[in-house]
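Novice: Here it is, the structure, as structure tokens.
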Amino acid sequence: MKMTFVKTALFASMIAASGSLFAADNGLIAIITPSHDNPFFKAEADGAAAKAKELGYTVLVASHDDDVNKQNQLIETAIARKAKAIILDNAGADATVGPLEKAKSAGVPAFLIDREINKTGVAVAQIVSNNYQGAQLGAEKFAKLLNGKGKYVELLGRQSDTNAHVRSQGYHDVLDDYTDMKMVAQQTANWSQTEAFTRMEAILQTNPDIVGVISGNDTMALGAEAALKAAGKNNVIVVGFDGSDYTRDSIIKNSNIKATVLQPGWQQAQMAVEQADYYLKNGKAQKEEKQLMDCVLIDDTNASKLSMFNLSK
């Protein structure tokens, strides 16, 4: 009796862990993103997995942690397991090209989200936020919040990430026109909250009179906010990028973070799976490869409508 119970429980746990293996028959979709410690990437993975299961696929969800070698191993695994498609937020615009070419040769199509690669014709789709447009929205709000004057800091994302450069360019194409605003520090914190906290602590030692921080993503914005609070600075304006629930809460509470820019990560991930499903069923792409989605400014006027990188109407 006891052995039967154990076997039954084990079998039940295997079913639960399989991602509804027996309920689906359309094959496996591999979903690979950066670390789920970042809520944006977790939302991508969750959104893609939910849509894939809804459409009758099993899923393999994994994180490459922005490690190119780990990403390549995960792509190899997807190929070996004969995945029907790969949904990928990649670990490098150049380094990802070769592995995806190998996947394509093996008959495993790729659908990219959030980050582009530096070659077309390798992936079926590259669905990304209009990072330049979004950065300009954020910069315009930042300048307005600072009344167009004062010393500020910029926190940059990972240098190998195309989005980091595009967002920074978008910021500066707006902010550099404000002659009374001066950037006193520009440092990379690699999209990390912990690194952003450490960078801000150091920057405040030499620039205690800053009035603003503009960040390449929300995770770094949260790290900057924590460092500012630890230093007793509650009037320094922070603007982020991504549209996380954490920054939403800071905006609603009227904390240091006053605005962010929403890139619709959940929607992008679900679109990628829908397009993969269309491709697998019809043998052709549903849309052109490069697809841009506009970003939305989030501030005290609409923050309450934001949840899981999705803005309700």
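Novice: Consider E195 against the criteria (1) farther than 20 Å from N147 by Cβ; (2) assigned to a loop (DSSP other than H, G, I, E, B); (3) not aromatic (F, W, Y): it satisfies all of them except one. Which criterion is unmet?
Specialist: (2)
Novice: Confirm whether D65 is open to solvent by 30 Å² or more (accessible area, probe 1.4 Å), within 20 Å of G216 (Cα to Cα), touching a Ser or Thr at 6+ places or on another chain (Cβ under 8 Å) and not in a strand (DSSP E or B).
Specialist: yes
Novice: So, restricting to strands (runs of 3 or more DSSP E) that lie completely within the range 77-178, which ones have at least 2 residues that are in contact with a His (Cβ under 9 Å, 6 or more places away or on another chain) and either closer than 24 Å to K42 by Cβ or open to solvent by less than 40 Å² (accessible area, probe 1.4 Å) (or both)?
Specialist: 150-156
Novice: Can you name the residue in the range 218-277 that is in contact with a Cys (Cβ under 9 Å, 6 or more places away or on another chain) and modelled with pLDDT of 95 or more and is also nearest to A189 (Cα to Cα) among such residues?
Specialist: Restricting to residues being in contact with a Cys (Cβ under 9 Å, 6 or more places away or on another chain) and modelled with pLDDT of 95 or more, the top hit is F241.
Novice: Follow-up question, since we're still on this one. Out of the strands (runs of 3 or more DSSP E) lying entirely within the range 210-313, which hold 1 or more residues that are out of contact with any Phe, Trp or Tyr (no Cβ under 9 Å at 6 or more places or on another chain), open to solvent by 50 Å² or more (accessible area, probe 1.4 Å) and touching a residue at least 24 places away in the same chain (Cβ under 8 Å)?
Specialist: Filter on the range 210-313 gives 290-293, 296-298.
Novice: A further question on this structure: For the structure I just gave you, tell me whether K70 is open to solvent by 40 Å² or more (accessible area, probe 1.4 Å) and under 27 Å from A221 (Cβ atoms).
Specialist: Yes; evaluated as a whole, the condition is true for this residue.
Novice: What number of residues within the range 35-57 satisfy the criterion of being at pLDDT 95 or above, buried (at least 21 other Cβ atoms within 10 Å of the Cβ) and not in a helix (DSSP H, G or I)?
Specialist: 1
The values are calculated or read from the model by the stated rules, or taken from the named source; none is laboratory data. Please read these numbers as outputs of a predicted model, since none were measured by experiment. Positions of Cβ are generated from backbone atoms using ideal geometry, with glycine treated the same way; all protein chains shown enter the neighbour counts. Calculation scope for accessible area: heavy atoms of the full protein, side chains included, ligands and nucleic acids excluded. Shrake-Rupley method; radii C 1.70, N 1.55, O 1.52, S 1.80 Å.
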